[in-house]
Ligand code: SF4
């Protein structure tokens, strides 16, 4: 087992706060497998925060979400272990996300958001301790000064439907440009360039400081990464770091679920009811052209394997289409090998995994290719037409297009799922095969519901018939 470094991790503010400020990388001893596993867990939290934000969750919902995510992914049996995991995972991801402008921007926003909600969940003593640790250069407003601004501060409180401040309320006087969100939402009284910030608004101050510190730290980490770490760690940490920012964190879907086999005759109706747009498009193109280029064959072929199409049926499926264009003989010679290869029956005999959304979205289809993610690769006009064919109405369509314009492709796909199925998908869509499985679950539960209604209706008709011609005691024998 490899370990990194030789010293123990310390955890700041153990006495009162469970929220570290990540000022400097701790001297630590960490096993290589924890280095990656801790980072993956934190990444799950950050990605879910990003998803929650792009779905427009309200601050109260975000607060609850962050609390749950933290419990689910970052909890450890002992408090000290949880603290170490927190610090280690932050610094590993700092390394992962320092490497490009886009990565830094994303990490900075998500870590700041995480810090904001975790700060709010701290006790008032812990919050004060963190403020002291941050060395915020703001003094609490003294009683005499507070009396002079009390009326104005109360007016602002009333305007945002907050109770007026009590005699012992604590306020901080802060240059107004340091609390931009409070100023923008008119939640503070400003006088002579200073904002009067109440203790319960202090999160804004702390977050501004945290963000600015982390932003500088990411630039410094990037310098160290490019000047030394990348080369020094090229055989050990560098591959892990480079892989982490693009890694897919869900199940691999390489094996169909037990009891979930699909047969050739099912594909057509499943394509209409449960395929995500990327696969539906490939399927339609295959039916239209009787051909798909390599990228499309891989994307659709592995997806079909993941949903439960066995090798024999896969060969029959592709042969039926391709032979119409290139003839059965040429299909057997040139294309069948690839299909067997996908199922691990040729070459290195690797059992290939269906592509995740991340992989599909980051592909670069060329002219004549039909693979890729329509939310990313279609023109707006084509996307609107394709969504319309899936049954998405005008209102849902505008929300989806709005997400696409902001480059939230998976959120757009999640909204599509919800519009088409009339059912929520809280986990968001991360994998085309997950879309399929979730769709089948929704459709099956609707079918069961329908059958029980039908059953009840038939029973009612039966009861009505019985009650029309027989004594009432017969009716009671039917058990609901
Ligand atoms: S978001 Fe994922 S499932 Fe949806 S269309 Fe794009 S690649 Fe397919």
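The values are calculated or read from the model by the stated rules, or taken from the named source; none is laboratory data. Note that the coordinates shown come from a computational prediction; the quantities given were computed from them, not determined experimentally. Positions of Cβ are generated from backbone atoms using ideal geometry, with glycine treated the same way; all protein chains shown enter the neighbour counts.
Things to note:
- Filter pass, residue 267 being more than 28 Å from the chain's Cα centre (by Cα) and closer than 30 Å to residue 390 by Cβ: yes
- Residue list for segment 430-456, filter: touching a helix residue (DSSP H, G or I) at 6+ places or on another chain (Cβ under 7 Å), in contact (Cβ under 8 Å) with a residue 60 or more places away in the chain and either surrounded by fewer than 15 Cβ atoms within 10 Å (Cβ to Cβ) or within 16 Å of residue 273 (Cβ to Cβ) (or both): 432, 433, 435, 436, 439, 440, 443
- Evaluating residue 107 against the criteria (1) surrounded by 16 or more Cβ atoms within 10 Å (Cβ to Cβ); (2) more than 30 Å from residue 238 (Cα to Cα) leaves one unmet condition, (2).
- Output for segment 294-318, where each listed residue is more than 14 Å from the ligand (Cβ to nearest atom) and closer than 12 Å to residue 338 by Cα: 294, 297, 301, 311, 314, 315, 318
- Test: residue in segment 431-441 that is within 12 Å of the ligand (Cβ to nearest atom), within 12 Å of the chain's Cα centre (by Cα) and at pLDDT 90 or above: yes
- Residue in segment 397-409 that is surrounded by fewer than 21 Cβ atoms within 10 Å (Cβ to Cβ), within 15 Å of the ligand (Cβ to nearest atom), more than 23 Å from the chain's Cα centre (by Cα) and in a loop (DSSP other than H, G, I, E, B) present: no
- In segment 79-168, counting only helices (runs of 4 or more DSSP H) that sit wholly within it, the ones holding 1 or more residues that are more than 30 Å from residue 27 (Cβ to Cβ) and without any contact (Cβ under 8 Å) to a residue 40 or more places away in the chain span 101-120, 143-159.
- Among the conditions (1) away from the ligand (no atom under 12 Å from the Cβ); (2) part of a helix (DSSP H, G or I), the only one that residue 417 does not satisfy is (1).
- Within segment 364-385, the residues that satisfy the criterion of being more than 9 Å from the ligand (Cβ to nearest atom), touching a residue at least 40 places away in the same chain (Cβ under 8 Å) and in contact with a helix residue (DSSP H, G or I) (Cβ under 9 Å, 6 or more places away or on another chain) are 365, 369, 370, 371.
- Test: residue in segment 341-363 that is closer than 19 Å to residue 280 by Cβ, away from the ligand (no atom under 11 Å from the Cβ) and touching a residue at least 24 places away in the same chain (Cβ under 8 Å): no
- Selected residue (criterion: surrounded by the fewest Cβ atoms within 10 Å (Cβ to Cβ)) from residues of segment 58-71 that are under 18 Å from residue 111 (Cβ atoms) and touching a helix residue (DSSP H, G or I) at 6+ places or on another chain (Cβ under 8 Å): 67
- Selection of first residues in segment 268-282 that are on the phi < 0 side of the Ramachandran plot and of second residues that are more than 10 Å from the ligand (Cβ to nearest atom) and not in a helix (DSSP H, G or I), restricted to Cβ pairs under 6 Å at least 6 apart or on distinct chains, gives the following pairs, ordered by first then second residue: 282/370.
- Residue satisfying condition, being modelled with pLDDT of 90 or more, more than 30 Å from residue 308 (Cβ to Cβ) and in contact with a helix residue (DSSP H, G or I) (Cβ under 9 Å, 6 or more places away or on another chain), within set 205, 270, 218: 218
- In segment 100-110, the residues that are touching a helix residue (DSSP H, G or I) at 6+ places or on another chain (Cβ under 6 Å) and farther than 14 Å from residue 62 by Cβ: 104, 108
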